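Inspection log for the structure reproduced underneath, given as structure tokens.
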Number of protein chains: 2
Amino acid sequence: MARLVMKFGGTSVADIDRIRNVARHVKREINAGHEVAVVVSAMAGTTDQLVAWCEAALKSRRIFDAREYDAVVATGEQVTAGLLAIMLQDMDIDARSWLGWQLPILTSNAHASARILDVNGAELTHRMSERKEVAVIAGFQGLHRETGRITTLGRGGSDTSAVAVAAAIRADRCDIYTDVDGVYTSDPRVVPRARRLDKIAFEEMLEFASLGAKVMQVRSVELGMVHNVRIFVRSSFDRPEDFDRNGTPPGTLICSEEEILEQHVVTGIAFSRDEAQISIRQVQDKPGVAAAIFIPLAEANINVDMIVQNVSADGKTTDVTFTVPAADYQRSLEVIAKARSAIGYARLDGAVDVAKVSVIGIGMRSHAGVAAQAFRALAERAVNIRAITTSEIKFSLLIDAAFTELAVRTLHSFYGLDQTTQ
Amino acid sequence: MARLVMKFGGTSVADIDRIRNVARHVKREINAGHEVAVVVSAMAGTTDQLVAWCEAALKSRRIFDAREYDAVVATGEQVTAGLLAIMLQDMDIDARSWLGWQLPILTSNAHASARILDVNGAELTHRMSERKEVAVIAGFQGLHRETGRITTLGRGGSDTSAVAVAAAIRADRCDIYTDVDGVYTSDPRVVPRARRLDKIAFEEMLEFASLGAKVMQVRSVELGMVHNVRIFVRSSFDRPEDFDRNGTPPGTLICSEEEILEQHVVTGIAFSRDEAQISIRQVQDKPGVAAAIFIPLAEANINVDMIVQNVSADGKTTDVTFTVPAADYQRSLEVIAKARSAIGYARLDGAVDVAKVSVIGIGMRSHAGVAAQAFRALAERAVNIRAITTSEIKFSLLIDAAFTELAVRTLHSFYGLDQTTQ
């Protein structure tokens, strides 16, 4: 017997038939003797409709009261939770819905992007163990205790709800049911030989998530890492016949390093084509110049990603290169041009036809030269590297966008990630 | 300065444009210096969709957990409340939404048809008078304190929410905005010369409401009567140019008798064609026989309306006539036939092509012979009266359905209710 949290996203609960499919998943776990809490999102499309209404409600102002926005959009998950509880009861499974304010799931006051502060799991664990009652929890929402108002966690927040609930009830596992069957070594649309990972460490998943592999919210992975919640990413469309001989369904377990016995040096290759590069030439090499560049960008709400600054050759000037989302390219150039006198530079150039390719693996910590070998492999394919940054478990390369697929596939093969049977 | 509750039903908040129209009504009252609480229904169609989903969620069982049903359907009003608050703020009016559990509006535990037990108006009145903040309250919903779960009041419950809030904050008036501009002496579709009443007593309105004039919920009128909440029925489509020279909009005030200076003997003529008549012939005239008839009907959930039992001529047998909704006619006959040995009767007959016409007016209390005169007027038009029942402020006639319009128009003219300028 295990205690499980099962989380289902919007496409998994898109209509009555799909919600019934969710109920079947729950029934399977109950029949296997497990204690279950379910976290649900809004039916696909519902949240978009609610957000559109909030936007249409404005005429004079440009932003709405986030407290009212939260009251409106939180209804999507409330509906799904009630419907799933009705269906489970219909299958003779004891179940009840829980809204954020009922448990409660306490959050900060940052409406529309609140952070979970505390989840009261006492009543849930009592009901699970005493009555085998399934808790059906509306994801994405919480309560700010002082004001007594509904908060929401921001888009994709149901993953975070699920992991927080799993931590609160000390669940053995948090199953994230999604429309893919796990985390892959790279995007299968670009790398046909990408394969599903059985396990991935929290730290690696954080790099994948923040690089835009849309499997899970960054915040939920962080929370899982802090509370050591084992997160299993699996498909809501899987069936028992897909399970292996031990009854394990296809999927990827996000867990602590210690649980990963067979470690590879490199776990996966991520990439992003939504990048623009800006290079500031012959910047004065003096204290405070980095601040002069990046504070105005932050104030303009531009998200700077890679930053490369080389050691000055002449001790006087240096070049600074950084990347921003492609959509912010023009605006970034303007911000830097405006700050020219404060920064002091000779020339400003950049490019939007660039891509970032990242090689990720906790094994890099103990293996030297992992990146170096890659450079040769890419050079052999005539892939020009514009810039390089590294961190403990990742290195990223900025290349011409046209070479993205070639570079990703080359690195994928080079690090032995290709599926052997295809 | 007055303190007002303004209630808007589903058609008045059917889409974003209509909700904006609601916001304009609120702005007008705020500009006039009033303190305002608004009670809103779900956008028209929303509740139907939510109910349909609950029903679709069932496969094995025939009824769903009403607690889950309530959690689902209460979302409709939550959305409208949030959207209206956003719109009011957009018009620079301080406003916030309140859900049933936030105020709270405490109710009984009878999920899906809960009764309001208490409304906490303290915070509302404080915010209204201190900050001129408009309270936007989700109608139809409440909280059961012991279980901490959302309840709903049953269809049309937002009227009841509005009147209960008005009582709690001691409002000067509760304005019910609807798609008609008031209460009429009769249904204008049948009686073209029907006219709008300026005022109607609670007791009269109760008779109108329970006779199916769909302007207001019976329960809300009862609540208004108990707490003496002045209720003003008006159109959500009225405009300031429709108001009279004193600034009074078209509408009907439901109030206590004392406030109605110029009393008519008869206030209006109501009717219902959805009636079936059942007559039980030569029933044993002995104690317990009425119970033997009506308890089985009640147990079958059949709503018996008129009951006529004449004094026995021979001291041995009598005839009992009653009416039921036309849809329950066959079922009622079966119930009575089954109970035949317990009742003891000679024959059972009935008809579905009957109508009930009711003449209503608090003036009847002090005027004798009001009904008697009507009988002659109807006889002159060859309208046959099947059965008669009377109460303190009303008498009802059962007639052949074909004569409904004729009878209603005849009585409407006879009691001087016809509009003089048309």
Note to self: Please give the charge dipole size of region B:89-134, origin at the Cα centre, charges +1 on K and R Cβ atoms and -1 on D and E Cβ atoms. Round to the nearest 20 debye.
What the structure shows: 200
Item checked: Largest-first ellipsoid semi-axes for region A:1-130, taking √(5λ) over the Cα gyration tensor eigenvalues, angstrom -> 30, 18, 10
Next item on the list: Could you please state, rounded to a whole Å, how far the C-alpha centre of region A:302-331 is from the C-alpha centre of region B:374-417?
Entry: 91
Check: If the cut-off is 26 Å between C-alpha atoms, which lysines fall inside it for B:K338, apart from same-chain ones fewer than 8 positions away?
Finding: B:K286, B:K316
Next item on the list: Express in whole angstrom the spacing between the alpha-carbon centres of region B:24-51 and region A:66-144.
Entry: 28
Notebook entry, point to check: Given the Cα-Cα distance of A:E55 and A:N228 and 0.36 nm per residue of separation, how much length would full extension add, in nm?
Noted result: 58.4 nm
Item checked: Sites matching trypsin sites (Lys or Arg not before Pro) across region B:103-185 that sit in DSSP coil, with at most 16 neighbouring C-beta atoms within 10 Å -> B:K132, B:R145, B:R155, B:R170
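With +1 on each Lys and Arg Cβ and -1 on each Asp and Glu Cβ, how big is the dipole of region A:269-414 about its Cα centre, in debye rounded to the nearest 20?
Computed charge dipole of region A:269-414: roughly 220 debye.
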Next item on the list: Please find the FRET efficiency linking B:A290 to A:D94, where r is the Cβ-Cβ separation and R0 is fixed at 41 Å, and quote it to the nearest 0.05.
Entry: 0.40
Check: So how compact is the protein assembly as shown: Cα radius of gyration and Dmax in angstrom?
Finding: 35.4, 128
Checklist line | Estimated 222 nm signal from helices in chain B, with DSSP H stretches of n ≥ 4 weighted -39500 (n - 2.57), rounded to 500 | finding: -10000 deg cm²/dmol
Check: What list do you get for A:S256, A:S279, B:S158 if you sort them by fewest beta carbons within 10 Å?
Finding: A:S256, A:S279, B:S158
Checklist line | chain B, relative contact order in percent, only Cα pairs under 8 angstrom and at least six apart counted | finding: 13
Note to self: Below 8 Å between Cα atoms, with a sequence gap of 6+, how large is the relative contact order for region A:289-379 in percent?
What the structure shows: 25
Next item on the list: Compute the acute angle (0 to 90°) between the alpha-carbon long axis of helix A:404-414 and the principal axis of greatest extent of the alpha-carbon atoms of chain A; round to the nearest 10°.
Entry: 80
Checklist line | Percent RCO, i.e. relative contact order, over region A:82-138, from Cα pairs under 8 Å lying at least 6 residues apart | finding: 41
Next item on the list: State the Kirkwood hydrodynamic radius of region B:269-414 in Å, one decimal place, computed from all pairs of distinct Cα atoms.
Entry: 16.1
Next item on the list: Mind giving me the FRET efficiency for A:A342 and B:E123? R0 is 35 Å, r the Cβ-Cβ distance, nearest 0.05 is fine.
Entry: 0.10
Checklist line | Axis-proximal residue, chain B, for the rotation superposing B on A (Cβ, Å) | finding: B:T75, 2
Margin query: Defining the label point at 7 Å along Cα→Cβ, can you sort the distances from B:D314 to the same site in each other copy, shortest first, in nm?
Written below: 13.1
Check: Treating the beta-carbon of each Lys and Arg as +1 and of each Asp and Glu as -1, no other charges, what is the dipole magnitude of the protein assembly as shown about its Cα centre, to the nearest 20 debye?
Finding: 140
Checklist line | Ascending list, in nanometres, of distances separating the B:P287 label from those of the other copies (7 Å, Cα toward Cβ) | finding: 10.7
Next item on the list: Just rank A:S341, A:S41, B:S332, fewest to most, by other beta-carbon atoms within 10 angstrom.
Entry: A:S341, B:S332, A:S41
Margin query: What does the copy distance list look like for B:A110, label position 7 Å along Cα→Cβ, in nm and ordered from shortest?
Written below: 4.7
Note to self: Taking loop as defined by DSSP and a crowding limit of 10 other beta carbons within 10 Å, which GluC sites (Glu not before Pro) in region B:108-176 fit?
What the structure shows: B:E146
Checklist line | chymotrypsin sites (Phe, Trp or Tyr not before Pro) within region A:212-260, DSSP loop, no more than 16 other Cβ atoms inside 10 Å | finding: A:F237, A:F243
Note to self: Starting from the 7 Å offset along Cα-to-Cβ, what nm value, one decimal, do you get for the label separation of B:K214 and B:F237?
What the structure shows: 1.5
Checklist line | Cα-based radius of gyration of region B:3-260 once divided by 2.2 N^0.38 Å, which approximates compact folds | finding: 0.98
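Count the DSSP beta bridges whose two residues both fall in the protein assembly as shown, then state the antiparallel fraction as a percent rounded to the nearest 5.
60
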Note to self: Along the charge dipole of region B:269-414, pointing to its positive end and built from +1/-1 on Cβ of Lys, Arg, Asp and Glu, which listed residue (B:Q284, B:S341, B:G369) has its Cα farthest out?
What the structure shows: B:G369
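Coordinate-derived values only; no laboratory data. Bear in mind that the values here come from a model prediction, so they are computed numbers and not experimental data. Counting neighbours? That spans all protein chains shown, and the Cβs are built from the backbone with ideal geometry, glycine included.
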